[in-house]
Amino acid sequence: MSIGTETAAALRELCETAQFAPGQVIVIGGSSSEIAGGVIGKNSSMEIGTEVIRAAMEIAREYRLDLAIQCCEHLNRALVVERNAAARYGWEEVSVVPWLHAGGSLATNAMALFDDPVVVERVAAHGGLDIGQTLIGMHLRRVAVPVRLTQHHIGQATVVAARTRPPLIGGTRAHYE
């Protein structure tokens, strides 16, 4: 199975399980080095990044979701998003252009393949895929719920998925005295 096919399968499974509403935000963080079987940040691949982003864009269009592609730690895990999503959610644009060695191959490809990309410092996504232990949690809404996927690898990288839910502030288990 190709990297693109595996990415599409994982994201589709997350979307089907989580039942995201159109217009919700999905964050994807990924290491092309890990996907290729290496160590994160040591062997970035534009080709792998292209496959992942093209597949993610296809599934996001199918489910009418907004993508936020996480940069690497060299850009403080900023995110590439479409300008219209940034405006709709009130995310402030920052001035940086990701490239292979500061941002990573996924973010670099998102800048090239999105219709009107901008970079923002933070989002509060409704769910996400973490491909290769890139630590997307800082960009999820407050209450994240793990989603166990059958597609738990993309290439050689481990895939962890999450959805979010509103915080529970009461209910049958709540105690007040």
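The values are calculated or read from the model by the stated rules, or taken from the named source; none is laboratory data. Values in this document were obtained by computation on a predicted structure and should not be read as measured data. A quick note on method: Cβ atoms are made from the backbone with ideal geometry, for glycine too, and the neighbour counts reach across all protein chains shown.
Brief remarks follow.
- Leading residue by the ranking (nearest to residue 12 (Cα to Cα)) among those in the stretch 152-177 that are surrounded by 12 or more Cβ atoms within 10 Å (Cβ to Cβ) and of a type in the set (Gly, Ala, Ser): 161
- Hits in the stretch 32-79 - residues which are in contact with a strand residue (DSSP E or B) (Cβ under 9 Å, 6 or more places away or on another chain) and without any contact (Cβ under 8 Å) to a residue 40 or more places away in the chain: 74
- All conditions but one from (1) of a type outside the set (D, E, K, R); (2) assigned to a helix (DSSP H, G or I); (3) touching a Leu at 6+ places or on another chain (Cβ under 9 Å); (4) without any contact (Cβ under 8 Å) to a residue 60 or more places away in the chain apply to residue 96; the one that does not is (2).
- Beta carbons closer than 8 Å, at least 6 apart along the sequence or on distinct chains, pair a first residue in the stretch 7-27 that is touching a residue at least 60 places away in the same chain (Cβ under 8 Å) and closer than 11 Å to residue 161 by Cβ with a second that is surrounded by 21 or more Cβ atoms within 10 Å (Cβ to Cβ) and of a type in the set (Lys, Arg) for 14/163; 17/163; 18/163.
- Residue match in the stretch 100-116 (condition: hydrophobic (A, V, I, L, M, F, W, C), surrounded by fewer than 20 Cβ atoms within 10 Å (Cβ to Cβ), part of a strand (DSSP E or B) and out of contact with any Asp or Glu (no Cβ under 7 Å at 6 or more places or on another chain)): yes
- Residues located in the stretch 136-151, provided they are surrounded by 13 or more Cβ atoms within 10 Å (Cβ to Cβ) and either in contact with a Pro (Cβ under 7 Å, 6 or more places away or on another chain) or within 21 Å of residue 38 (Cα to Cα) (or both): 136, 151
- The one condition from (1) over 19 Å from residue 51 (Cβ atoms); (2) surrounded by 15 or more Cβ atoms within 10 Å (Cβ to Cβ); (3) at pLDDT 95 or above that residue 67 does not meet is (1).
- Where residue 89 falls short, out of the listed (1) under 17 Å from residue 69 (Cβ atoms); (2) modelled with pLDDT under 95: (2)
- Taking the criterion of being aliphatic (A, V, I, L, M) and surrounded by 24 or more Cβ atoms within 10 Å (Cβ to Cβ), the residues of the stretch 37-64 that qualify are 48, 52, 53, 56.
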